[in-house]
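One structure below.
The values are calculated or read from the model by the stated rules, or taken from the named source; none is laboratory data. What you see is a predicted model; the values in this text were computed from it and never measured. In this analysis, Cβ positions are derived from the backbone assuming ideal geometry, glycine residues included, and neighbour counts consider all displayed protein chains. The area values use the complete protein model at the heavy-atom level, side chains included, leaving out ligands, DNA and RNA. Shrake-Rupley method; radii C 1.70, N 1.55, O 1.52, S 1.80 Å.
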Amino acid sequence: MRRLGSRLAQMVFVLWAVATILFLIFRLMPGNPLAAYIDPNFTVEQQRELMQRFGLDRPLHEQYVLYLGNLLRGDLGDSFFYRAPVTKLIWEVFPNTIALTLFALLIAYTVGTLGGIVLAWLRGTWVEGVTIPLVLTTRAAPEFWLGMLLLAVFSFNLGWFPSGGANSAGASFDSELARFLSLDFLRHLFLPATALAIYLHGLPLLLMRSNMLDVLQEDFVTMAKMKGLSHWTILVRHAARNALLPVVTAFAVGIGYSIGGNVVIETVFSWPGLGRLLVRAVSASDYPLAQGAFLVIAAVIVVMNFIADMLYSTLDPRVAHER
Amino acid sequence: MRRIVGLTLVVLLACGAVAQGDPVRTITVLSQPQAAAPYEYQSIQLVANAWRQLGIDVEIQVSPWEQLSDIVWFNRQTWDATGWQMVGRPERSDPDEIVFNLFHSSTAEAGFNFVGYNNPAYDAVAEAQRVATDLDERQRLIYEAQAIIDQDQVYAFLVYPESIYAYRSDVWNPDSIVEQSGIGIKNTWTFIEAEPIGSQRDMVLNSNFVVQAINPLYISGSVDSWITELVWDRLLRVGPDGLPVPWSAESYEWIDDVTIDVVLRAGMTWHDGEPVTVEDVVFSFEAAGGGEAPMYTPFVSAIADIEIRDERTVRFTLTRPQAAFLTASLAKINLIPRHIWEPVLTDLQGQPENAESYQEDVPVGSGPFTFVRWRASEEVVLAANPNHWAAPKMDRWILRMIPNVEATLGALRSGELNFLAAYPGDPAVLAATARGNPIEVVASTDIGFRFVAFNHRRPPFDDAAFRRALSQAINRDLIIDAAYNDFATAANSPVSIALEFWNNPDVAGFETGMDLARQTLADAGYVLVDGRLHYPTGVSETLGR
């Protein structure tokens, strides 16, 4: 229980540090947020009024106190660019991003984990010689290239899947849930999730394989062999369960990183997600929106790390004991 | 006395080589990056090369648009020259905005005359055309303004780009697609007139930019204006030929130079069913000038008084004659329902926010389309308003946000898109995609133009002869060929050739060539020493090396 408390305190500290760094970075960046809203008919007074409305005319420390105070109340401010609350803007695209990330990670980690087990088993065979370089290639291939390839083949040429977006033009649904469960949404989700999964599956696969190889050296495996257990039972029931632990951590942390790292896939597939919102916000010096988006991403990463930690000590009591 | 001066001059010239000023410093030219603006980036490379051949040391500095505009717009003393553009908008069909705002000295400090051009003779002409209500007289003045700009080479004009759009001819009847002069086929008239041929009755079009706001009192992103023009009506609209035509106004009549009566069309309703009244019209113009909609204020500043004459007639009285009033005010101000906006504006008074940050959940106008849905970074859906007197022939208008150019072309080919409304890519690729498919590509010369801006505040750009030489050195045909794939026309005036009535054809014959440019520099006293250009005698470099 005390451990939980100190972990929570650490989380709050990390988030505060992230919030502060974000605040500073965007204000030290070259470029003036006003530049994104220049209009031929703006007078000096109108520009000044605009600065005032955004609070940009105040000294930095006042802006900072204001910013932290609002943050504590859960108010991320209003976007300069959209003139709308940041929370609303983020919330509109966040579910799409979560759907894409989870779907892709599930495919990647299912395929990756099973693949890792199989490859550990087939160590030293020709299958390994072919598969490992192939997996390394997919990890090294640029995402946009992979995405364009999938688009060109499955959308433009075969016409099996739509070329972008999260829904067909003008499709309407009774609720957000109905939208997520619709065939239309899944059809749109398939290509971007596949592209992302192809990119992501290398990590769990290689991780699982090397863990398996380690575990297979351990005494209890030798013991199991001596007991005369079948190859398959040893592999899945004994070795895989032990080798799975780091993969679970990688999965949880992977969610955090993928949430913010989908910019390329989102752009290639016109997927309305957090990444695109973020890029637009940064390039337009839209401080509040960029801060808000980064903060949400940071929060997800921190929470996922926390969950991974907790899961770890639940799955493997040895970890908790050692502390 | 005169003889002595003359003699001295002869002696000095005879001395030759020593008679020169400081070397001209390294000139920095700003440009957007290749990825964001390939045309501009490539043009600037060619321009810089040409200038180097004149003996000038040229450096190109590339920065993204946001940072570029921060330098050019807010730090006006700090830059030498920059690639820039003016985009075409329907209200720029009247040359006033360009002729006055861009070049009048009053806007040099913080307004649109960002190059700091200051010529009292030009100011006088720009002011005179504003109040010239006689069309021929005004045309003469606009011609004169262009002649002065040509003489001074205020900018080095490069090209009038062609805007390129496309549509599926198996979905839309080609005869119903309207080409608006200087704007292209992506315009309100097309969206109203476009006639579906088969069962696909929705127009699905693309934007490579997100929608920022859907607000009749806020001039936000350019894509946003496509939507506001459809949801809200205006008294007049800029017609396909570029001239204003009555729209929500049934007719208008000038009583004298400063008084105009406007008669409202009968039987119009707002999207919520309420009738459109003259009170709404008065309210709309007052809201634009009332301090909560600062971007619209300049468009109503010439109005001294608005008076309701009867239940369909409104009389506008102006502070002074204003030639552009029809286009700049009556065809610009969105008509908004008083019953919705009056409480909103009252509420906003005394708050730091203004109407620009107010977003209606369901925007209500009286226009030919009604608002259905807006999902940020995904799509905006409008539906045809069957009760409108000019009801569209399509069922829905669906704008999809597609950031990926290749995916846009793929979607057009597959029919997922049936109207290409934004295409920043290579025209040749579009043409190749269209070949063998029922896709019609339409290119038309734009009202907008691209140019290299000289900063007149910084020598040697304060010297008209220097600017002229630099402009003469630019090979525009090469730029059109290499950077624009022939989808552009050479420019030498801020008034596009697309505005046939206003463009002065005499300035189009601007002569260029490297030899000519060298001659111009030599005539103005600039000297080449060891391949490096030097100022004329006695002129020193004041801005570093």
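So here's what we get for this one:
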{"read-out": "Residues of region B:347-391 with amide N under 11 Å of a point placed 7 Å along Cα→Cβ from B:THR269", "value": "B:386-388"}
{"read-out": "Within the protein assembly as shown, percent of DSSP bridges classed antiparallel, to nearest 5", "value": "80 percent"}
{"read-out": "Carbon/sulfur fraction of accessible area - the protein assembly as shown, other protein chains in place, 1.4 Å, %", "value": "58 percent"}
{"read-out": "Rounded to whole Å, sorted largest first: equivalent-ellipsoid semi-axes of the protein assembly as shown, Cα gyration tensor", "value": "55, 37, 28"}
{"read-out": "Longest exposed-site-free window of chain A, the sites being chymotrypsin sites (Phe, Trp or Tyr not before Pro) in a DSSP loop that have at most 16 other C-beta atoms within 10 Å", "value": "A:1-159"}
{"read-out": "Minimum 10 Å² accessible area buried by the other protein chains, region B:59-82 residues, probe 1.4 Å, relative to alone", "value": "B:TRP65, B:GLU66, B:GLN67, B:SER69, B:ASP70, B:TRP73, B:PHE74"}
{"read-out": "Accessible area (Å², per residue) of chain A, counting only protein heavy atoms and a probe of 1.4 Å", "value": "49 Å²"}
{"read-out": "Computed over region B:53-210, the ratio Rg/Rh where both radii use C-alpha atoms and Rh is Kirkwood", "value": "1.07"}
{"read-out": "Estimated buried accessible area (total), pair B and A, 1.4 Å, Å² to nearest 100", "value": "4100 Å²"}
{"read-out": "The protein assembly as shown - charge dipole about Cα centre, Lys and Arg +1 at Cβ, Asp and Glu -1, debye rounded to 20", "value": "4000 debye"}
{"read-out": "Label zone at B:ASP241 (point 7 Å along Cα-to-Cβ), backbone N below 17 Å, region B:87-104", "value": "B:93-95"}
{"read-out": "Cα-projected label distance for A:PHE180 with B:ASN49, points at 7 Å along beta-carbon direction, nm", "value": "5.5 nm"}
{"read-out": "Alpha carbon centroid spacing (whole Å) that separates region A:145-180 from region B:191-209", "value": "19 Å"}
{"read-out": "Per residue, in Å², the accessible surface of region B:236-342 once ligands and nucleic acids are set aside, probe 1.4 Å", "value": "38 Å²"}
{"read-out": "Sequence-separation-based contact order of chain B, relative, with Cα cut under 8 Å and 6+ spacing, percent", "value": "26 percent"}
{"read-out": "Cut-off of 10 Å, at most 13 other beta carbons, DSSP loop: longest stretch of chain B lacking such GluC sites (Glu not before Pro)", "value": "B:110-310"}
{"read-out": "Residue-normalised accessible area of region B:423-507, given per residue in Å² at a 1.4 Å probe", "value": "35 Å²"}
{"read-out": "Those residues of region A:131-152 for which accessible area with every protein chain present is at least 20 Å² below the isolated value (1.4 Å probe)", "value": "A:MET148"}
{"read-out": "Chain A: angle of helix A:44-53 to the longest principal axis, Cα-based, in degrees nearest 10", "value": "50 degrees"}
{"read-out": "Computed E for A:THR20/B:THR133 - FRET, C-beta separation, R0 45 angstrom, nearest 0.05", "value": "0.15"}
{"read-out": "P(r) histogram, all alpha-carbon pairs of region A:63-129 included - 10 Å bins from 0, percent", "value": "17, 24, 18, 15, 13, 12, 1"}
{"read-out": "Projected-area mean, region B:236-342, by convex hull of Cα positions, square nanometres", "value": "6.8 nm²"}
{"read-out": "Computed lengthening from A:TRP160 to A:ARG48, 0.36 nm per intervening residue step minus Cα-Cα distance", "value": "35.0 nm"}
{"read-out": "Dipole magnitude of chain A, debye to nearest 20 (Cβ charges: Lys/Arg +1, Asp/Glu -1, about Cα centre)", "value": "820 debye"}
{"read-out": "All-pairs alpha carbon distance profile, chain B, 10 Å steps from 0, percent", "value": "3, 16, 25, 24, 18, 8, 4, 2, 0"}
{"read-out": "With Cα atoms, 0 to 90° folded angle of helix A:60-72 axis to chain A main axis", "value": "60 degrees"}
{"read-out": "Relative contact order of chain A, defined on C-alpha pairs under 8 angstrom at six or more residues apart (%)", "value": "28 percent"}
{"read-out": "Span-like helix ranges in chain B, DSSP H, alpha carbon extent 24 angstrom or more, Kyte mean at least -1.0", "value": "B:135-152"}
{"read-out": "Whichever aspartates and glutamates have a C-alpha closer than 16 Å to that of B:LYS393, once near sequence neighbours (fewer than 8 apart) are set aside", "value": "B:ASP170, B:ASP175, B:GLU193, B:GLU195, B:ASP202"}
